[in-house]
Amino acid sequence: MSYFVTGGTGFIGKYILANLSKREGEIFVLVREGSEDKLKAHCEKLHLDFERFTLISGDLTQPMLGVSDADKDRLLNQVKEFIHSAAVYDITANAQANGDINVEGTRQALALAEFIKADCFNHLSSIAVAGFYPGVFNEQMFEQGEGLDINPYLRTKHDSEALVRKQEALPYRIFRPSMVVGHSKTGEIDKIDGPYYLFKTLQKLRNVLPSWIPALGIKGGEFNMVPVDYVADSIDHILTVPDTQGQCYHLVDNPGVKMIEALDVFSRAAHGSRLSAGISPGVLDFIPAPVRMAILNLPTVRHLIDQTLSSLNIPREALKLLELKTKYDDSNTQRALAGTGISVPPLKDYAGVLWDYWERNMDPNRMGSRTLEENIEGKIAMVTGASSGIGRSLAIRLAQAGAKVILVARGMELLKEVEAEILAEGGEAYSYNCDLNDLDACDALVDQVLAEHQGIDILVNNAGRSIRRSLKLTYDRFHDFERTMQLNYFAPVRLTMRALPSMVERGGAHVVNISTIAVLGGYAPRFSAYVASKSALDAWSQSAGAEYREHNVNFTNVHMPLVRTPMIEASPMYNFAPTLSPDEAVAMIEEALLEQPAEVNTGIGSAMRAISVLAPKVYELLMSTTFKMFPDTAAAQGLPEEEVKPTPEQVALAALMSGNYL
């Protein structure tokens, strides 16, 4: 027995080849010119013998797949099973691409199979042929598909299957997989599709909400998916079963799961929140259709939807598929697989494997195209407070990534040291001395930088002042509030406001504010001046972000936990508290620069926010307890340093609540 396979270098096709390689008979594989290395790579990864396959050069878009006359003669009367798995499996592909490959490719595959007198034509179709059929779609149904013109993929999968059904020259089998996800044992997938479009949303939800707090998901409709190994194993077996020609086989999970149920399983696999309730995508259906469409087609509304989907890596086309009502009967398939042990494992048993593979290999923020170097190389980045701590480490990292770094601080001597280090490593940096407490100096600084460097692409407002002193020791120190507000709020606002016209003119920029974890809880004892100033900057940035999004100027607040910098040296108690290193803090800022979100938080920061909202009295009690356990510093009390010693309870709570103080 010999086989001819199209799409052998594709995701499903390579697993079909892996199964066929265990059988006797020659295996012919259609490959485009230049695709041999891809097949070799698949063989190496799956531990297959590359010599087991006979390569046939061709092209799906050419007559009879572009197979040469010599190869046609070689294939004549030699192929028992012609397996056509090559297709576009992409709802975002345009009509031309879908038509050329799915429809015309199938037409030419049929022509070749007929010419070489193959015994049977096996066509990989899709449950997409059912479209939006509102009920149970069985394996004998075809013409009943509904709503196929909503997306080119649906229409072309239906039309390509129609070609197979209408021809009379060849016996055939039709296989209709549902959404194909990664391998149930390895999690391997080769592209983002189906449920993977929603993984980034689940990841963002996990990163901002503690796992013990239930969350809302998307209710949606049916969400049928199967792992690729089930698809390949089922096809491989059915090819050997007598009397299976002329039939269709649904390769589906039966019964399937609701969308909210699938999202809940994936969220728990990601160690995220339980999705206990869902919002229907049709929540606006009560509005008359003409009015609803008029609203959704408003430029502002369309821009808002596009921006939101883009930030979540969800294509607009995917929204149309969230409310599928179709269920799929797979009686033929189950009869053919009876007694084999081939079945779809429960989603909960392999969801963790899928998630792990996606997060390690397919998450856009971890893929090569999302490196800091590729995002900021050649850009002009201004960092305030660049002479030490977070600012110094960040400036060096930005220079290493190829940015032209503008170093700003009061101490020119220390700045020059940072500049020299950057230059010694081959980077580009320029030092500017500026006292940010002087608002006129802030204006002059921006004007000088714009004149000498023609713009600012990234502005990191990192310079800041922290004061840890209880209010009872501040009755006669109103200047504490003035000074803190001056440096932490007015200075970054002044710098940003001065730079904004140029940023808009250049077509966009990114403003990153180094804030504090304490802002997420709303307050922190002994840090009233500091937290108030950072909260003001947070609020201002959020307002600015809303106003300047249309100009492609993004604002991000990075809520830092405690970081080991000179700013915390005045509080000896922090010697006992776990802290981030400046380099670890820079990693948080890298996330901000890559994703440009509204905010970047840590897990404990998100937990603080959740507790403060859900149980404000509990949070207030917690903060009050820490206030009592951690007195003012010796300097704040006017006492010799040795008279203030941390107690064991203080050390323990400091470890438990690390990062809550800044």
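When 30, 65, 48, 60 are checked against the criterion of being within 39 Å of the chain's Cα centre (by Cα), part of a helix (DSSP H, G or I) and in contact (Cβ under 8 Å) with a residue 12 or more places away in the chain, a single residue qualifies: 65. Could you tell me whether residue 119 is free of Cβ contacts under 8 Å to residues at least 12 places away in the same chain and more than 37 Å from the chain's Cα centre (by Cα)? Considered against the rule, which asks whether it is free of Cβ contacts under 8 Å to residues at least 12 places away in the same chain and more than 37 Å from the chain's Cα centre (by Cα), residue 119 comes out as no.
Just to be sure before I move on: is residue 380 within 25 Å of residue 587 (Cα to Cα), assigned by TED's automatic domain parsing to the domain that holds residue 583 and at pLDDT below 90 in the structure I sent? No. For region 172-183, the criterion of being over 27 Å from residue 96 (Cα atoms) and not assigned by TED's automatic domain parsing to the domain that holds residue 79 is satisfied by at least one residue.
Here residue 394 fulfils each of the conditions (1) part of a loop (DSSP other than H, G, I, E, B); (2) touching a Pro at 6+ places or on another chain (Cβ under 9 Å) apart from (1).
I'd like to check something: does region 394-406 contain any residue that is more than 27 Å from residue 508 (Cβ to Cβ), in contact (Cβ under 8 Å) with a residue 60 or more places away in the chain and under 35 Å from the mean Cα position of the chain (by Cα)? Walk me through how you get there before you give the answer.
Filtering region 394-406 for residues more than 27 Å from residue 508 (Cβ to Cβ) gives none.
No, region 394-406 has no match at all.
The single residue among 18, 70, 109 that is more than 20 Å from residue 122 (Cβ to Cβ), part of a helix (DSSP H, G or I) and of a type in the set (A, V, I, L, M, F, W, C) turns out to be 70. Restrict the check to region 166-187 and report whether at least one residue is touching a strand residue (DSSP E or B) at 6+ places or on another chain (Cβ under 8 Å), assigned to a helix (DSSP H, G or I) and hydrophobic (A, V, I, L, M, F, W, C). No, region 166-187 contains no residue that is touching a strand residue (DSSP E or B) at 6+ places or on another chain (Cβ under 8 Å), assigned to a helix (DSSP H, G or I) and hydrophobic (A, V, I, L, M, F, W, C). Going by the structure shown, is residue 343 assigned to a loop (DSSP other than H, G, I, E, B) and either outside the structural domain of residue 584 (by TED's automatic domain parsing) or polar (S, T, N, Q) (or both)? So residue 343 passes the test.
Kindly indicate whether residue 47 is closer than 23 Å to residue 125 by Cα and of a type outside the set (Val, Ile, Thr).
On the way: closer than 23 Å to residue 125 by Cα: no; of a type outside the set (Val, Ile, Thr): yes.
Taking the combined requirement at face value, the residue does not satisfy it.
Of the numbered criteria (1) under 30 Å from residue 269 (Cβ atoms); (2) within 33 Å of the chain's Cα centre (by Cα), the one residue 155 fails is (1).
Being free of Cβ contacts under 8 Å to residues at least 60 places away in the same chain and more than 34 Å from the chain's Cα centre (by Cα) is true for just one of 168, 139, 146. Which residue is that? Break it down stepwise before answering.
Numbers: 139 fails: free of Cβ contacts under 8 Å to residues at least 60 places away in the same chain; 146 fails: more than 34 Å from the chain's Cα centre (by Cα).
One residue alone meets the criteria, 168.
The values are calculated or read from the model by the stated rules, or taken from the named source; none is laboratory data. Values in this document were obtained by computation on a predicted structure and should not be read as measured data. So basically every Cβ, Gly included, is an ideal-geometry build from the backbone, and we count neighbours across all protein chains shown.
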